[in-house]
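Some notes on the structure that comes next.
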Number of protein chains: 2
Amino acid sequence: MKLHTFFQSGSAYRVRIALALKQIDYEPIYVVGGLGSTDLKRPEYLKLNPSAVVPTLIDGDTVLTQTLAIIEYLEEICPEPPLLPSDAAGRARVRAIAQVMVSDTHPLSTARVIDYLDGTLDLSEENLNSWLQHWNERGFGAVEKMLDDDGMPGTYCHGDRPTVADIALVSQVFVAKKFGADFSSTPNVTRVYNTCMEHPAFLDTAPDRQPDAQPT
Amino acid sequence: MKLHTFFQSGSAYRVRIALALKQIDYEPIYVVGGLGSTDLKRPEYLKLNPSAVVPTLIDGDTVLTQTLAIIEYLEEICPEPPLLPSDAAGRARVRAIAQVMVSDTHPLSTARVIDYLDGTLDLSEENLNSWLQHWNERGFGAVEKMLDDDGMPGTYCHGDRPTVADIALVSQVFVAKKFGADFSSTPNVTRVYNTCMEHPAFLDTAPDRQPDAQPT
């Protein structure tokens, strides 16, 4: 497999974790010049990924985009170790936690949205920071309650093994930490994050450990 | 099953379509006072849905949130008719199209984001409209190319039967039409939308046909 990746993309980080958990080897292809660069807008890349984003995973003739779709694919072609629980209700819970992060929270704190708020709308630094805090507090606040109220014991989001919920949580914590988000009121989120960061699949794939990492 | 729904929510519309396609009966529970109302912030509702959004689907003791997680659950407990293709690559393609709509596009045009841009940031009507157009053009532009380049024939997004990709596309077209989005440069999107809107499962569940629909 080949993975189009960029060290600082929270989305690419998700797929790197999933590949590491499943111990699938891949050849990384690094974005040249960063997420706002023209590298992702080359016609050859747009053919693979019309949204001009990372990651894109290539498995033979199959071109895969969108992190949760990619992880479901990996789960199907390489079921061990599973990244989803074995029961339908558990899978729904894990997918819901992942979607709160991937659909409700991350889209409001991507590089392209920050560029639009900063560049096109000329938002003040204070307003931009309030925006980022607002949506991340909202998302992590929801996940905090989902981890609490659901009464599912375990060191990860769902029991004692990492799932796609943990992948989504960890990647968004990484994004939120970049702008100084405060996690003091989300102890469950913090606990799960700390558990994950002791696992090599989360640690070795972390943005600052990637070969393409640059000082920021 | 019971579905917490609101006629004008693009997210609730997705689940209504899926339930209709699978011919699953349910009891609707309507949000009182609209998406910005306090009805969704009652402690009893927050216990079900900590994000304070619709939809929430209740299946016996199982509380389900997040539309794509709900639809995957319905697919597992009620496989016919399938809302995903039978092959892993096809499922990945359909899930990716759905995520472009649900993760990359809809989150930037929800009622809560519009309220924040309008209320908290006091964005001009022109800037707010440009924001909505920008992210929807971007999302539908990507889906347009995915429908085109992938060379998958058929009247729907993936062959001749509706999938979760069609559900996500139709619900976002509904959202985008509310602020006058232009679909003249996305003929594939328009073609799929028109195909879907001939299907009773998409038509009968449409926002303006719901019992809780109000004149806007």
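All of the numbers you see were taken from the coordinates with simple rules; none came from a lab. Keep in mind that what you see is a predicted model, and the values were worked out from it rather than measured. Please note: Cβ atoms are built from the backbone with ideal geometry, for glycine as well, and neighbour counts cover all protein chains shown.
At the listed q of 0.08, 0.14 Å⁻¹, the Debye profile of the protein assembly as shown, built from one uniform point per Cα, gives log10 I(q)/I(0) equal to -0.40, -1.45. Residues whose amide H falls under 5 Å from that of A:T56, counting only those 5 or more places apart or on a different chain, are A:H4, with hydrogens built in the peptide plane.
Placing a label point 7 Å from Cα along the Cα-to-Cβ axis, B:A111 is separated from the same position in the other copies by 3.5 nm, shortest listed first. Among the DSSP beta bridges whose two residues both lie in chain B, what percent are antiparallel, rounded to the nearest 5? Antiparallel bridges make up about 65 percent of those DSSP assigns within chain B.
Counting only C-alpha contacts under 8 Å and six or more residues apart, can you give the relative contact order of chain A as a whole percent? Walk me through the numbers on the way to the answer.
Working: 264 pairs, mean separation 55.9, N = 216.
Relative contact order for chain A comes out at 26 percent.
Derived scalar couplings between HN and Hα for region B:69-76 equal 5, 5, 5, 4, 5, 4, 4, 6 Hz in order, rounded to whole Hz, by the Karplus curve 6.51 cos²θ - 1.76 cosθ + 1.60 (θ = phi - 60°), x for Gly and Pro.
Applying a threshold of 24 Å to the alpha-carbon distances of B:K2/B:K41; A:K47/B:K22; A:K41/B:K178; A:K2/A:K177; B:K41/B:K177 flags A:K47/B:K22; A:K41/B:K178; A:K2/A:K177; B:K41/B:K177 as lying beyond it. Pull out a ≥ b ≥ c, the square roots of the eigenvalues of the alpha-carbon gyration tensor of chain A, then state rounded if a/c is under 1.5, prolate if not and a/b is larger than b/c, and oblate in the remaining case. Cα axes put chain A in the oblate bin. With label points defined 7 Å past Cα in the direction of Cβ, position A:E80 shows copy-to-copy spacings of 3.4 nm, given to one decimal and shortest first.
Among B:L84, B:L132, B:L121, the largest mean-square fluctuation in a Gaussian network model of chain B (Cα springs under 10 Å) belongs to B:L121.
Between A:D25 and B:Q214, take the C-beta separation as r, use R0 = 60 Å, and let me know the FRET efficiency to the nearest 0.05.
On the way: r = 56 Å, r/R0 = 0.93.
Result of the calculation: an efficiency of 0.60.
Each stretch of four or more DSSP H residues adds -39500 (n - 2.57); spread over every residue of chain A, this sum gives -14000 deg cm²/dmol at 222 nm. Seen through its C-alpha gyration tensor, with square-root eigenvalues sorted a ≥ b ≥ c, region A:88-202 comes out prolate because a/c lies at 1.5 or above while a/b is bigger than b/c.
With springs connecting C-alpha atoms under 10 Å apart, model chain A as a Gaussian network and identify which of A:G119, A:G141, A:G180 has the largest mean-square fluctuation. Its mean-square fluctuation being the largest, the pick is A:G119. Inter-copy label distances at A:P200, using a point 7 Å along Cα-to-Cβ, come to 5.8 nm with the shortest given first.
When the Cα gyration tensor is reduced to axis lengths a ≥ b ≥ c, the ratio a/c is 1.5 or higher for region A:94-155, and with a/b above b/c it is classed as prolate.
How high is the FRET efficiency between A:L46 and A:I77 when r is their beta carbon distance and R₀ equals 22 Å, given to the nearest 0.05?
Values: r = 26 Å, r/R0 = 1.17.
It comes to 0.30.
Couplings 3J(HN,Hα) for region B:184-201, derived from phi with the Karplus relation 6.51 cos²θ - 1.76 cosθ + 1.60 (θ = phi - 60°), are 5, 9, 10, x, 5, 4, 4, 4, 5, 4, 5, 4, 4, 6, 8, 8, x, 5 Hz, where x marks Gly and Pro.
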